[in-house]
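Take a look at the structure below.
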Amino acid sequence: MDHSNNYSRKLITAEEAVKVVKSGDRIFYSEFAMFPKMLDAALAKRIPELKELELYSVFYTQMPKVIEADPKHEHIIAQDWHFGPISRRLADQDMCFYVPIAYHQGPRIIHKYIENDVAMVAVSPMDEKGFFNLGPTNSVTPAYLDRSKTIILEVNNSAPHCLGGNSENIHINDVDFVVEGNNYPLIQLPTAKPKPFDCQIAGYIMNEIEDGACLQMGIGSMPNVVGANIADSDLKDLGIHTEMLVDSCVDLYESGRVTGNRKSIDKGKMVYSFALGTDKLYNFMNNNPVCASYPVNYTNDPRMIALNDKVIAINSALEVDLLSQVSSESSGYRHISGTGGQLDFIMGAFQSHGGKGFICLSSTYEDKNGQLRSRIVPSMSIGSVVTVPRSMIQYVVTENGIVQMKGKSTWQRAEALISIAHPAFQDELIKQAQEMKIWAKSNRLLN
């Protein structure tokens, strides 16, 4: 069947397409690397004539022009299902707010509670069967497409065609308008330069990884170090089932360490929900049957994660308190990130046969005045969000060691955490633990 006539009937300019937006509308922009630049620019020109608009996305990778067009915050407000640098800047100006979420529940939340007016979604070009591909962004976009009254696609020839999995495509019959974009290159996420503590933490984690392990690695320099160490190791038949696919996953596959042959589900596939990296990653993903794109209610469902054996989940945190609660989202009241898949994968890894979930953080940081501070603290800073509750935590790793929390009492957890804190803070943490009534008098660290 020839779909070219249908395509031609729906093809309009960006300026014409955004005329469907009216005051009071909820608008969804496609996620992560697939920011709809042309539609955003066209809608920005209409902002002065509209009011009470709500904009939603997952991790804005550029500053929305619709927000810049409203400097007095009178016409539009942004919401984000996962914070990054752009959303942090906007939040500091009361222009963006976080949507709390356990990431694997995102599509279900949208289907149950969200009625969206207009979806503006960047895609790769239509194929001969009439399908557009969502590229490296399949987490909650399919759910938003299901729940949107009007769907506008922005075609970007630079986007890779990412195979599924499922829900990675949308058909021309289900689209209202098509805009041909300017084929801008996808965002290039540079590899973060590792710090000495990253290498030390990675060393502890490497000792915990076995042949046949299934990997989930978050964003940042430390997971990249782990990836580089694995590529140089003699580990065999590793698998990947992750929320985010990154450049280091390409290195692992090309080194021969990742085969997926021992996975219980999606055998031989590198399963992911979204990808952020450089062209090395995007080119690797293009029409590559090794990669399988799924919505986040599949990749991040703890029940699905746990079906694979030896799941290794590696995630970062901002602080951990002596009760073993983990904060990875905010520093006091200032929002930094989102829950993302951290809780999902910590739960899934524990349920996996032989699985291990790691929360990684440096033991210290320097504050804005250059003063050294501990990331292991007696209690959370006022306003800090608990990302992983103490009932869910498994392993905590700093450059000073690795400790396991399951089955331990409050004083045993406090003892373990203090043992991997920076030595300069250990005495004070012991005093605080005593005041909190979580320190045994016979504790070994007192001797």
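The values are calculated or read from the model by the stated rules, or taken from the named source; none is laboratory data. Note that this is a predicted model, so its numbers are computed, not measured. Cβ sites come from the backbone with ideal geometry, for glycine too, and all protein chains shown count toward neighbours.
Residues of region 154-169 that are within 23 Å of the chain's Cα centre (by Cα), crowded, with 22+ Cβ neighbours inside 10 Å and not in a loop (DSSP other than H, G, I, E, B): 169 alone.
Here the condition is being in contact with an Asp or Glu (Cβ under 6 Å, 6 or more places away or on another chain) and of a type outside the set (Gly, Ala, Ser); of 396, 385, 403, it holds for 385 alone.
Condition check ((1) in contact (Cβ under 8 Å) with a residue 40 or more places away in the chain; (2) within 25 Å of residue 394 (Cβ to Cβ); (3) among the β-branched types (Val, Ile, Thr)) across all residues:
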{"site": "288", "(1), (2), (3)": "yes, no, no"}
{"site": "297", "(1), (2), (3)": "yes, yes, no"}
{"site": "311", "(1), (2), (3)": "yes, yes, yes"}
{"site": "341", "(1), (2), (3)": "yes, yes, no"}
{"site": "346", "(1), (2), (3)": "yes, yes, yes"}
{"site": "353", "(1), (2), (3)": "yes, yes, no"}
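In the set (1) surrounded by 23 or more Cβ atoms within 10 Å (Cβ to Cβ); (2) in a loop (DSSP other than H, G, I, E, B); (3) of a type in the set (A, V, I, L, M, F, W, C), residue 187 fails one condition alone, (1). Among residues of region 366-380 that are more than 17 Å from residue 317 (Cα to Cα), those with a beta-carbon under 8 Å from a residue that is surrounded by 13 or more Cβ atoms within 10 Å (Cβ to Cβ) and among the polar types (S, T, N, Q) at least six positions away or on a different chain give the pairs 372/364.
Contact map, region 151-169: first residue assigned by TED's automatic domain parsing to the domain that holds residue 31 and on the phi > 0 side of the Ramachandran plot, second residue of a type in the set (Asp, Glu) and assigned to a loop (DSSP other than H, G, I, E, B), Cβ cut-off under 9 Å, separation 6 or more or different chains; pairs are 165/266. In region 190-211, how many residues are outside any helix (DSSP H, G or I) and out of contact with any Phe, Trp or Tyr (no Cβ under 9 Å at 6 or more places or on another chain)? So the count comes out to 10.
Listed by first and then second residue, the pairs linking a residue in region 186-214 that is without any contact (Cβ under 8 Å) to a residue 24 or more places away in the chain and closer than 25 Å to residue 137 by Cα to a residue that is of a type outside the set (Val, Ile, Thr) and surrounded by 15 or more Cβ atoms within 10 Å (Cβ to Cβ), with Cβ atoms under 7 Å apart and 6 or more places separating them unless they lie on different chains, form an empty list.
Scan the helices (runs of 4 or more DSSP H) fully inside region 20-128 and keep the ones with 1 or more residues being more than 27 Å from residue 158 (Cα to Cα), within 23 Å of the chain's Cα centre (by Cα) and in the same structural domain as residue 142 (by TED's automatic domain parsing).
Working: elements: 37-44, 65-68, 85-92, 106-113.
In region 20-128, 85-92, 106-113 are the helices (runs of 4 or more DSSP H) which contain 1 or more residues that are more than 27 Å from residue 158 (Cα to Cα), within 23 Å of the chain's Cα centre (by Cα) and in the same structural domain as residue 142 (by TED's automatic domain parsing).
Residue by residue through region 221-260, note down the ones that are under 18 Å from residue 293 (Cα atoms), assigned to a loop (DSSP other than H, G, I, E, B) and either modelled with pLDDT of 95 or more or in the same structural domain as residue 163 (by TED's automatic domain parsing) (or both). Hits for region 221-260 are 242, 243, 259, 260. I'd like the full set of residues that are more than 29 Å from residue 297 (Cβ to Cβ) and either among the basic types (Lys, Arg) or out of contact with any helix residue (DSSP H, G or I) (no Cβ under 8 Å at 6 or more places or on another chain) (or both), limited to region 321-368. Result: 321, 331, 332, 333, 334, 365, 366, 367, 368.
State yes or no: is residue 74 over 26 Å from residue 138 (Cα atoms), surrounded by fewer than 21 Cβ atoms within 10 Å (Cβ to Cβ), without any contact (Cβ under 8 Å) to a residue 12 or more places away in the chain and not hydroxyl-bearing (Ser, Thr, Tyr)?
Spelling it out, it is not the case that residue 74 is over 26 Å from residue 138 (Cα atoms), surrounded by fewer than 21 Cβ atoms within 10 Å (Cβ to Cβ), without any contact (Cβ under 8 Å) to a residue 12 or more places away in the chain and not hydroxyl-bearing (Ser, Thr, Tyr).
Residue 7 fails exactly one of the following numbered conditions: (1) within 14 Å of residue 139 (Cβ to Cβ); (2) modelled with pLDDT of 95 or more. What is the number of that condition? Every condition holds for residue 7 apart from (1).
In the condition set (1) over 30 Å from residue 234 (Cα atoms); (2) at pLDDT 95 or above; (3) surrounded by fewer than 19 Cβ atoms within 10 Å (Cβ to Cβ), residue 182 is compliant with all but (2). Hey, any hits in region 375-392 for a residue that's over 22 Å from residue 328 (Cα atoms), assigned by TED's automatic domain parsing to the domain that holds residue 204, modelled with pLDDT of 95 or more and not in a strand (DSSP E or B)? No, because not a single residue in region 375-392 is over 22 Å from residue 328 (Cα atoms), assigned by TED's automatic domain parsing to the domain that holds residue 204, modelled with pLDDT of 95 or more and not in a strand (DSSP E or B). Scanning region 63-87 for residues that are closer than 19 Å to residue 114 by Cβ and among the small types (Gly, Ala, Ser) gives 78, 87.
If the requirement is being assigned by TED's automatic domain parsing to the domain that holds residue 337, among the small types (Gly, Ala, Ser), farther than 24 Å from residue 102 by Cα and at pLDDT below 95, which of these qualifies: 421, 440, 433, 414? Show your work before the answer.
On the way: 421 fails: at pLDDT below 95; 433 fails: at pLDDT below 95; 414 fails: at pLDDT below 95.
That would be 440, the only listed residue that is assigned by TED's automatic domain parsing to the domain that holds residue 337, among the small types (Gly, Ala, Ser), farther than 24 Å from residue 102 by Cα and at pLDDT below 95.
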